[in-house]
1. What's the number of the condition VAL88 fails, among (1) of a type in the set (A, V, I, L, M, F, W, C); (2) at pLDDT 90 or above; (3) more than 18 Å from the chain's Cα centre (by Cα)?
2. From the list TYR174, TYR87, TYR117, which residue is among the aromatic types (Phe, Trp, Tyr) and open to solvent by 20 Å² or more (accessible area, probe 1.4 Å)?
3. Looking only at region 199-227, count how many residues are assigned to a loop (DSSP other than H, G, I, E, B) and touching a helix residue (DSSP H, G or I) at 6+ places or on another chain (Cβ under 9 Å).
4. Any residue that is within 28 Å of MET29 (Cα to Cα), at pLDDT 90 or above, small (Gly, Ala, Ser) and part of a helix (DSSP H, G or I) - is there at least one of those in region 52-59?
5. Within the group ASN296, ASN245, which residue is more than 24 Å from ARG41 (Cα to Cα) and either β-branched (Val, Ile, Thr) or crowded, with 18+ Cβ neighbours inside 10 Å (or both)?
6. When you scan region 131-143, do you find a residue that is among the polar types (S, T, N, Q), open to solvent by 20 Å² or more (accessible area, probe 1.4 Å) and under 25 Å from GLY89 (Cβ atoms), even just one?
7. Do the conditions hold for ARG41, that is, is it assigned to a helix (DSSP H, G or I), open to solvent by 10 Å² or more (accessible area, probe 1.4 Å) and either on the phi > 0 side of the Ramachandran plot or among the charged types (D, E, K, R) (or both)?
8. Could you tell me which numbered condition VAL101 fails, if it satisfies all but one of (1) modelled with pLDDT of 80 or more; (2) under 14 Å from ALA170 (Cα atoms); (3) in contact with a Phe, Trp or Tyr (Cβ under 7 Å, 6 or more places away or on another chain)?
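The values are calculated or read from the model by the stated rules, or taken from the named source; none is laboratory data. All of these numbers come straight from a predicted model, not from anything done at the bench. A quick note on method: Cβ atoms are made from the backbone with ideal geometry, for glycine too, and the neighbour counts reach across all protein chains shown. Note: accessible area is taken over every heavy atom of the protein model, side chains too, but ligands, DNA and RNA are not part of it. Shrake-Rupley method; radii C 1.70, N 1.55, O 1.52, S 1.80 Å.
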Amino acid sequence: MHATTQGFFLTLAAVLAWGAQLPIAAGAMQHIDPASINFIRYGLASLTLAGLLALRRDTAVIRQGLQQPLVWWAGMVGMAGSSSLVYVGLKFTRPEIAVLVIALQPTMTAMAEWVLYRRRPARVTLLCMALAFAGVSWAVTRGGELFAQPLSQVSQELLGCAFVLAGAAAWVFYTLTCARLRHWSGLHVTTLTCITSVPALALSWAVMLALGWTQWPTPEAWPELSARLTFLVFVGVVAAMFLWNTGAARFGTLNAMLMLNFMPIVTFLVRALEGVALHAAEIVGGLMVVLALVTNNLWQRRQQP
């Protein structure tokens, strides 16, 4: 199988996991705060990944990687910053809205590569990006109906979207930074950036605890919460991050970011299974995003020799 095709399926698997992750995390936040969730997620994920490297007798890369400032930037700003901001945003908005804001990452990645590396996207890609942005805007505002709601509701929704958008920007930073770490394998990069994210997440949790903003679950909530945390740690971080880093290295940064447009489909399906009624504008906006993805990918296939 060609490396590009492998990258496609690997990043797709990661995106499917992340699409299901948002509704699962939103349910967990009924019992525990975002800072505690992320501290648990990446703490356990780091121990698991380091253990895998130990079983392979491959721990030397950890010592080497922790001496690289770029690894710390990727872990603390990219991974810790992205997860923290997105999860805080979920406290103010719904998963189906958050996932569409995250779908703006391809546009942000293309613009970042254009500015940083002078890689101007092709005209077709730019048009697809514009369509994706229009779809997200239509869904977030529910076709403009949001602005007819009370100011407090509008402010809360937009605040949540702002947090998620900032988290999406941090993830773009993470992906672009990891593109410069391709001399290591996907497992190495995932392990190193998980480990270096933990100090920032621990500090964030300690600050929240001191301010009284943490929420510890009741004993009755642990059975449901344990199942959700198991998914968030071992599927959403350990498996998905390995698949993402490996796939993005083979598929290319911009192509990998475009794959994130599949996330709304998965999130919408999970929300529908939860019995949530989706707004028509959210569905139309999601379809516009998917149309942009399919059009751009078909065009890119035609350009390949």
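1. For VAL88, the failing item is (3).
2. On the way: TYR174 fails: open to solvent by 20 Å² or more (accessible area, probe 1.4 Å); TYR87 fails: open to solvent by 20 Å² or more (accessible area, probe 1.4 Å).
From the options TYR174, TYR87, TYR117, the qualifying one is TYR117.
3. Taking region 199-227 and keeping what is assigned to a loop (DSSP other than H, G, I, E, B), we get 212-218.
Checking the rest, the ones that are also touching a helix residue (DSSP H, G or I) at 6+ places or on another chain (Cβ under 9 Å) come to 213-217.
The total comes to 5.
4. Taking every residue of region 52-59 in turn, none turns out to be within 28 Å of MET29 (Cα to Cα), at pLDDT 90 or above, small (Gly, Ala, Ser) and part of a helix (DSSP H, G or I).
5. Values: ASN245 fails: more than 24 Å from ARG41 (Cα to Cα).
Residue meeting the stated conditions: ASN296.
6. Kept after step one, since they are among the polar types (S, T, N, Q), are these residues of region 131-143: 137, 141.
After this cut, where a residue has to be open to solvent by 20 Å² or more (accessible area, probe 1.4 Å) as well, the list is 137, 141.
Now narrow it down to the ones that are under 25 Å from GLY89 (Cβ atoms): 137, 141.
Yes, some residue in region 131-143 is among the polar types (S, T, N, Q), open to solvent by 20 Å² or more (accessible area, probe 1.4 Å) and under 25 Å from GLY89 (Cβ atoms).
7. When the stated conditions are applied, ARG41 does not pass them.
8. In the conditions (1) modelled with pLDDT of 80 or more; (2) under 14 Å from ALA170 (Cα atoms); (3) in contact with a Phe, Trp or Tyr (Cβ under 7 Å, 6 or more places away or on another chain), VAL101 misses (3) alone.
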